[in-house]
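Structure first, then comments.
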Amino acid sequence: MVKVREDQPLTDEGRVDVERWIEHLQCDVPLDDVDQMRMACELAESLEREADRPHRLWLERDSSFRMGLEMADILSELRLDQPALVAAVLYRAAREGMLALDKIEPLFGAEVAGLINGVLQMAAIDRVQIVSEGARQHNQQENLRKMLVTMIDDVRVALIKIAERTSALRQVQNAPREKRMRVAREVFEVYAPLAHRLGIGHLKWELEDLSFRYLHEDEYKGIAKLLAERRLDRDHYINQVVETLKGLMDAQGIARYQVDGRAKHIYSIWRKMQRKHIDFSQMHDIRAVRILVPEVSDCYAMLGIVHSRWHHVPNEFDDYIANPKQNGYQSLHTAVFGPENKVLEIQIRTFAMHDEAELGVCAHWRYKGHDTDSKNSSYEDKIAWLRQVLEWQEEVGYSGELREGLKNDIAPDRIYTFTPDGHIIDLPKEASPIDFAYRVHTEVGHRCRGAKVNGRIVPLTYRLKTGQQVEILTASKGGPSRDWLNPSLGYVRTSRARSKIQAWLKHQNRDLNLDEGRALFEREMKRLDVPGLDTQQLASKVNYTSPDDMYAAIGAGDLRIGQVLHQAQQLFGESDEYEPLDKLLAKPRRPSEGSAGDITVLGVGNLKTSMANCCRPVPGEPIIGFITQGRGVTVHRSDCPNILQLSVDEPQRVIEVAWGDRARTQYPVDIEIEAWDRAGLLSDVTTVLSSEKVNVLSVNTQMGMDDGIARLYITLEVEGLEMLGRLLTRVQQLPNVFEVRRLRQKPANVANRKRK
C-alpha cells in the first residue's frame, strides 16, 4: 500500500511551526547548525510570500516552501546530513526562479549551492518525452538513465531528486489527468528504478505503487479491493504466526530480535501476476513475515528453526546473504506451509541488513558522518557502483556482451543532449553541433548551417555539454563544407559525421573535386611558401597513382591536406633534388645538451646543465631548473624542498626545463598576418599560439593609417610543415583576419625593429 503523507506541525494561524518541525527533524538527524536550518526555512517561506504565485487548484498545497519541508522529511528518514536537508528546503525556490544560485553560496556555503545546482541539472529530464513505441521507448529510457549517471557527481544529488519527485507524485492526485500521467510515467520509468538500484526499499515501493495507481487505475483498485476484503483474516493469521515465532526464538535463547508481518505492495503483486500468468488467489506471498536478528549466524539458526517447525515449499528458497543482489540487498527468503497449511513467505536478515534494504546507500551516512571526503570503503564502493549503472529496471534484460559494451561506453566519456522535441541524443565528449546534426539524421547534417543551444545561436565549433537542448538550423539545399573535415578547425569530432561528409563529397562530380582539391593544395603550398614539388612523387607518397587522383581525393575529403604536408616534409632531404628541411624553414634550434645529453632548457639557447645531488631526478619525473652562478643550470625534482625554498627566495632564477626525449627539433619561422584592425586582435592571435603550445620569439606590428590594415610579423618555432599549416589555418579563422602566410624574409623596416 502507498505511504500516507505526514502533515507538518502548524501554528494557530495556519502557518508551519518551524521550531516544532525542526525538533521533529532532529529525532532522525541531529543538526550541526540549527540556526542555518531555521534561516533556510524562513528564507524559503518569505520568498514564496513575496512571489505571490497564483494558486493552482489541482494542488492541495501548492507551496514550494512546504514541498521543501516534505523533501527534507523524506531525506531525514534516509539519515542524510544537514547540507542535503538545507538544499532540499531551498531547492523548489531555486527551481521556480525565486532564489538565484549566486545568492545561495554566500548564505549557506558552497556545498549546499553545489547540491542544488546538481539537482537543477537533473531537472533537465522534465523536457523528455517518453514515447510509446517499444524500440524507441527503450532507447529513450536508456539514454535518459545514462545521462542521469553523468550528472551524479554526489549521490546526495540523486537522493534529493528522488525526494523531490516523491513529494511531487504525492501531490498530483487532484491534478489534471495529463499532468498526473506525465509525472507518474516519469517517476515509474526513471526514479523508481533508480531508488531500487540504490537499495532504498520503502521509497521504491511507494513510487511504484503511486505511479501504478495513476497509470493503471482499474488494475490498482481491483487489487486494493481484494487486499482490503481479506485484511482482517490476513492480519489475524499473521499475528498468530508472529506469536509462534517469538515463542520459538525465546525458547532458543535469542535475546534480541524483531518479528513483524508485512503487506506486499500492490504493484509487486500485479507484476508477479503478470509475469507468472496467475490470478490473485494463486499468490502465495500475500502472507509474509520478516525476522530481524543481531548476527548472520542467527539468520541461519533461525532458518533451521523455521524449517523444523513447518515444511519447506520446494524451489522457494533464496540465499541473498551468501549471494547478495547487485544493489547490495542481503536476506534469506524461504516459503513454508504454515498454520492451516497456508503458504507463508518468511524473510530473515540482520538489523544491519534491514537498514541496508530500507535505506540502501543512505545507510552509510551514520558511518560516514558529515565529512564528504571520507574514504569509507563501503560508501565509496557505492559511489563507484552508482556510476556504472547503465540499466536499471529488472524487466529489461541484456546479454553479457551488450552489457559489457554499455559499461565500456562509460558515461563520463559521453554527453547527453536534447532535440527540440525532447529526445535524447548521446554523443562523445566535446562533440560539436555538426556531430549532433549527423547523429539526428544524415540529411540534417548535410544541410546544417547553424545551431542554437538552449535558444542561443552558437558557432558550429561549439563544444556541447550534457543537458543542453540543441536546435539545428538548416538550408533548403546544399551540402557539407570541405572545411568541416579539417581537424584543426574543430568542426567535427565523431567518425560517423566525418564518414558521412566524406561519402557526400565523394559522390559529387569528380571534376569538381579535382578542381577544388588542386586549388586547396596550391593555396596551401603558396601560403607556406614551399617551392615547387614533384607532385607525381608526392602523389606516390600518399598512395595515389597520379597528381589528379591526389587532388580529387583532397577535394572529396578522403585525403587531408595535413597528410599531404606530412609526406611533403619527408621529401626534403631524401634526395639531391630538394634542400633539407632545416634549409627550407630555417636553421633549427635543437635541444640544449645536459650533462647526460637528456635535458632541454625551454626557451633558451644551449646552457650547461647538471643534476642536483639533493634530489637526484631520474627521467620521467617532473623537473625544474635553477640558474647558478658560473655552473649553468642545476636540475631539481619539482617537489624537492631545496628548489621550493629557492623559488621563494630567488624566483627570478628558477627556469623551466624538460627531459630531452620529450623535446623535438624546433624551426624558427616568420609569418605575416594581415587583418582589419580591431581591439584585441593581437591578444586573440597570441591566445591561438599559446593553445598550440608554440614558442613565440618575436612579435612586431604595423598599422596602416590610410587603409586601416594591421600587419603582424611574428617569429615562432614549429616542428615542421604540418604544424605550421595547422597554425596558419587556425589564425586564418580569427575575426577580421583575411590573410596569413609564411615569409622567407621579413621586410627591412620590420627586421630592424626591436621586439615588441
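Restricting to the stretch 47-69, name every residue that is assigned to a loop (DSSP other than H, G, I, E, B) and either at pLDDT 90 or above or aromatic (Phe, Trp, Tyr) (or both). Hit for the stretch 47-69 is Trp58, nothing else. Counting only helices (runs of 4 or more DSSP H) that sit completely within the stretch 546-587, those holding 1 or more residues that are closer than 28 Å to Asp511 by Cβ and either among the acidic types (Asp, Glu) or modelled with pLDDT under 50 (or both) correspond to 547-556.
On the basis of being modelled with pLDDT of 55 or more, touching a Gly at 6+ places or on another chain (Cβ under 6 Å), assigned to a helix (DSSP H, G or I) and surrounded by 15 or more Cβ atoms within 10 Å (Cβ to Cβ), does Ala44 make the cut? Give the derivation first.
Working: modelled with pLDDT of 55 or more: yes; touching a Gly at 6+ places or on another chain (Cβ under 6 Å): yes; assigned to a helix (DSSP H, G or I): yes; surrounded by 15 or more Cβ atoms within 10 Å (Cβ to Cβ): yes.
Criteria met by Ala44.
Screening Glu243 against (1) acidic (Asp, Glu); (2) outside any helix (DSSP H, G or I); (3) modelled with pLDDT of 85 or more leaves a single unmet condition, (2).
Residue pairs whose Cβ atoms lie under 7 Å apart, separated by 6 or more positions or on different chains, with the first residue in the stretch 242-266 and assigned by TED's automatic domain parsing to the domain that holds Pro294 and crowded, with 18+ Cβ neighbours inside 10 Å and the second outside any loop (DSSP other than H, G, I, E, B) and among the charged types (D, E, K, R), are Ile254/Asp298; Val259/Lys246; His265/Glu208; His265/Asp209; Ile266/Asp209. All of (1) farther than 21 Å from Leu485 by Cα; (2) surrounded by fewer than 19 Cβ atoms within 10 Å (Cβ to Cβ) hold for Val530 with one exception: (2).
Being in contact with a His (Cβ under 9 Å, 6 or more places away or on another chain) and not small (Gly, Ala, Ser) narrows it down to one residue among Leu681, Leu721; which is it? First the steps, then the outcome.
Details: Leu681 fails: in contact with a His (Cβ under 9 Å, 6 or more places away or on another chain).
After applying the criteria, what remains is Leu721.
Taken as a whole, the condition of being closer than 30 Å to Ala224 by Cβ and either crowded, with 16+ Cβ neighbours inside 10 Å or touching a residue at least 12 places away in the same chain (Cβ under 8 Å) (or both) does not apply to Ala301. Kindly check whether there is at least one residue in the stretch 508-516 that is without any contact (Cβ under 8 Å) to a residue 40 or more places away in the chain, in a helix (DSSP H, G or I) and more than 28 Å from Phe738 (Cβ to Cβ). Looking through the stretch 508-516, at least one residue is without any contact (Cβ under 8 Å) to a residue 40 or more places away in the chain, in a helix (DSSP H, G or I) and more than 28 Å from Phe738 (Cβ to Cβ).
Residue-level analysis places Ala539 outside the set of residues that are in contact with a Pro (Cβ under 6 Å, 6 or more places away or on another chain), under 30 Å from Val119 (Cα atoms) and not β-branched (Val, Ile, Thr). Scanning the stretch 163-174 for residues that are farther than 20 Å from Leu194 by Cα and out of contact with any Lys or Arg (no Cβ under 8 Å at 6 or more places or on another chain) turns up just one, Asn174. Kindly indicate whether any position in the stretch 452-465 is over 30 Å from Asp670 (Cβ atoms), exposed (fewer than 14 other Cβ atoms within 10 Å of the Cβ), of a type outside the set (Lys, Arg) and in contact with a strand residue (DSSP E or B) (Cβ under 6 Å, 6 or more places away or on another chain). Scanning the stretch 452-465 turns up at least one residue that is over 30 Å from Asp670 (Cβ atoms), exposed (fewer than 14 other Cβ atoms within 10 Å of the Cβ), of a type outside the set (Lys, Arg) and in contact with a strand residue (DSSP E or B) (Cβ under 6 Å, 6 or more places away or on another chain).
Considering only residues in the stretch 185-213 that are in a helix (DSSP H, G or I) and over 13 Å from Arg165 (Cβ atoms), the one that is farthest from the chain's Cα centre (by Cα) turns out to be Arg213. Could you look through the stretch 515-541, keep only residues that are of a type in the set (Asp, Glu) and more than 24 Å from Leu505 (Cβ to Cβ), and pick out the one that is modelled with the highest pLDDT? Going through the qualifying residues, I end up with Asp534.
Taking the criterion of being surrounded by fewer than 19 Cβ atoms within 10 Å (Cβ to Cβ), at pLDDT below 80 and either among the aliphatic types (A, V, I, L, M) or not assigned by TED's automatic domain parsing to the domain that holds Ser690 (or both), the only residue of the stretch 704-735 that qualifies is Met705. Going through Ala552, Ala539, Ala519, Ala503 one at a time, which residue ends up being closer than 20 Å to Glu443 by Cβ and not charged (D, E, K, R)? Every option except Ala503 fails the conditions.
Looking only at the stretch 292-322, filter to residues that are β-branched (Val, Ile, Thr) and under 12 Å from Leu344 (Cβ atoms); which one of those is modelled with the highest pLDDT? Please lay out each step first, then the result.
Of all residues in the stretch 292-322, those β-branched (Val, Ile, Thr) come to 293, 296, 305-306, 313, 321.
Checking which are under 12 Å from Leu344 (Cβ atoms) leaves us with 306, 313.
Working: Val306: 91, Val313: 84.
Among residues in the stretch 292-322 that are β-branched (Val, Ile, Thr) and under 12 Å from Leu344 (Cβ atoms), the one modelled with the highest pLDDT is Val306.
Scan the stretch 120-136 and give yes if some residue there is modelled with pLDDT of 80 or more and either among the hydroxyl-bearing types (Ser, Thr, Tyr) or surrounded by fewer than 22 Cβ atoms within 10 Å (Cβ to Cβ) (or both), otherwise no. Yes; the residues of the stretch 120-136 include at least one that is modelled with pLDDT of 80 or more and either among the hydroxyl-bearing types (Ser, Thr, Tyr) or surrounded by fewer than 22 Cβ atoms within 10 Å (Cβ to Cβ) (or both).
The values are calculated or read from the model by the stated rules, or taken from the named source; none is laboratory data. Quantities reported herein were computed from a predicted structural model and do not represent experimental measurements. Counting neighbours? That spans all protein chains shown, and the Cβs are built from the backbone with ideal geometry, glycine included.
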